[in-house]
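The values are calculated or read from the model by the stated rules, or taken from the named source; none is laboratory data. Fair warning: this is a prediction, and the values are worked out from it, not measured in the lab. Ideal geometry is used to build each Cβ from the backbone, glycine not excepted, and the neighbour counts take in all protein chains shown. Just the protein is used for accessible areas: all its heavy atoms, side chains included, with ligands, DNA and RNA removed. Shrake-Rupley method; radii C 1.70, N 1.55, O 1.52, S 1.80 Å.
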Amino acid sequence: MLTFIWSIINPKEEFTCFLEIIPAIIGILILTLTFNKFRFSNFTYTLILFHCIILFIGGHYTYAEVPFFDYIKEVFHQSRNNYDKVGHFAQGFVPAMIIRELFIRKKVIANQSFFNFIIICICLAISAAYEWIEWFVSIATGEGGDAFLGTQGYVWDTQSDMLFATIGATVALLLFSKTQDNQLRNII
């Protein structure tokens, strides 16, 4: 909650801040409204919190101007501020764990051999849909949407964003499936 409040106090660009934090606000509203019907594991809620914080930081500064990543850009002689890649990695990582928990607890997929593949595909679809939203906002608002689009002159930004989401989903499934399974044993 503190990060949210901080993010909306004197953000770099108010419109961009709104665009960047609205997915977190919608997600929090959905989780609040469904809390009594379906409670995620503490592990999944913690991941969702971290993702919200990433969104709030990106909203406050714009993804292209997060100060620490400007420092990293200079130290490592990068051509751009890459904080957006953290956001897109999380855009695959966190939904993978959300979807995985939903699939397990709701018994969505009977054949486990396709389980991870389907989760990664859904994460990639979410990432592609988000890229369409960025594109639409940029076209609809002109310069007002440029900070939201955040390509920073990188012609392959959209493709690399989707790649980072795919990597995030894959890493989440490879490294944290057992952790999530341990949490789910206490719930199921």
Local net charge near K85, Cβ-Cβ under 11 Å (Lys/Arg +1, Asp/Glu -1):
-2
Measuring with a 1.4 Å probe in the full set of protein chains, what accessible area per residue, in whole Å², belongs to the chain?
58 Å²
For the chain, what % of the accessible area comes from carbon and sulfur atoms, probe 1.4 Å?
69 percent
Give me the distance between the Cα centres of the range 167-182 and the range 1-56, rounded to whole Å.
21 Å
Points 7 angstrom from Cα along the Cβ direction at I25 and V75: gap in nanometres?
3.4 nm
Looking at the chain as a GNM with Cα springs under 10 Å, which of N42, N81, N116 has the largest mean-square fluctuation?
N42
Counting Lys and Arg as +1 and Asp and Glu as -1, what is the net charge of the other residues whose Cβ lies under 12 Å from the Cβ of K106?
+3
Counting other Cβ atoms within 10 Å of each Cβ, which trypsin sites (Lys or Arg not before Pro) in the range 1-87 have at most 14 and sit in a DSSP loop?
K12, K37, R39
Top of Q91, Q78, Q159 by mean-square fluctuation, Gaussian network on the chain, Cα under 10 Å:
Q78
Membrane-span-like helices (DSSP H runs, Cα span along own axis at least 27 Å, mean Kyte-Doolittle at least -0.5) in the chain -> 14-34, 42-61, 83-106, 115-141, 157-185
P(r) tail for the range 44-108, what percent of Cα pairs lie past 20 Å?
40 percent
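Work through the residues other than K73 whose Cβ is under 13 Å from its Cβ and net out their charges, Lys, Arg +1 and Asp, Glu -1. Please report the intermediate quantities before stating the final value.
Values: positive: R80, K85; negative: E65, D70, E74, D84.
Counting the neighbours of K73, the net charge comes to -2.
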